[in-house]
Amino acid sequence: MSSLEYVKKVLADAERVVCLVGRGTTFQTGCQLYDGDFEYEIESRYGLSVEEIFSESYYNNRTREFFEFYREEVLKHCGEPNAVYQTLARMEQDGKLIGIISRSIFGLCGRAGCKNVVDIHGTIFENSCPRCGRKYDYHYILDHKPIPYCENCRAVVRPQIVLTGEMVSNDKVTRATELVSRADVLLILGSTMQSYLTKSFIKYFNGSKVLLVNWAEHYSDVKADGVCIGNLPEILPKIYP
Ligand SMILES: [Zn+2]
């Protein structure tokens, strides 16, 4: 049996799949943030790494520059859900997939129609005033240059994304670990067995099989029970036809 056939069979037999959606799933969606070439381009243009710009201290001290970067390089390149996300939405509708834990901030799972998604690092669609709590949408941040202020109290509207150095909320960690503990199959997409995402949650997995689908081979792949390597938008519809 080929590795693709094996992964397909495990998914066909599974009853409660939980999916870990890594940053690699955003490739070929139009999102550029997690692309290696983009990080290099940003460093040469801004003189700082994406991680440095996406930090709490940069946000607090260089708020105007943060929002310029955020608007031009992140919000304007937020991509569209592709076959990876459409397949996940179909799996969930079929009752096969009980939930998704995503690390990307583009909300692609939700935009594809997935319902039970824990966006552990938040998404670009959630913004709120730290003072009065009023919520703002994606367009408000995009349109209010250079800094988006709250219409009620004039505080800076904060994108509800986790910046470098910040903790993921306890509530989200609890929801994610509870989901993983109920799964019989764990499907890891666009990530590796050694990633922060996988290592954070695999210890709560009590099920039988771990499946991994990623763009390139990694030395840690042997830790998964089934592995498919290649083009994610092509593989997903094949492993769950
Ligand atoms: Zn406010």
- line: Scanning region 87-105 residue by residue, those touching a residue at least 60 places away in the same chain (Cβ under 8 Å) and either out of contact with any Ser or Thr (no Cβ under 6 Å at 6 or more places or on another chain) or part of a helix (DSSP H, G or I) (or both) turn out to be T87, L88, R90, M91, K96, L97, I98, G99, I100, I101, S102, R103
message: Taking the condition of being more than 11 Å from the ligand (Cβ to nearest atom), part of a loop (DSSP other than H, G, I, E, B) and surrounded by 15 or more Cβ atoms within 10 Å (Cβ to Cβ), how many residues in region 149-182 meet it?
response: 5
Lone unmet requirement of (1) more than 16 Å from the ligand (Cβ to nearest atom); (2) assigned to a loop (DSSP other than H, G, I, E, B); (3) more than 16 Å from the chain's Cα centre (by Cα) for P130: (1)
field: Residue that is nearest to the chain's Cα centre (by Cα), among those in region 134-148 that are under 18 Å from Y59 (Cα atoms) and more than 16 Å from the ligand (Cβ to nearest atom)
entry: Y138
message: Just to verify a result, which residue in region 202-241, among those that are touching a residue at least 40 places away in the same chain (Cβ under 8 Å) and small (G, A, S), is nearest to V185 (Cα to Cα)?
response: G207
field: region 109-135: number of residues that are farther than 15 Å from V162 by Cβ and in contact (Cβ under 8 Å) with a residue 24 or more places away in the chain
entry: 8
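Throughout, read-outs are computed from the coordinates displayed, never taken from laboratory work. In this text the structure is predicted, and so the values were computed from the model without any measurement. Please note: Cβ atoms are built from the backbone with ideal geometry, for glycine as well, and neighbour counts cover all protein chains shown.
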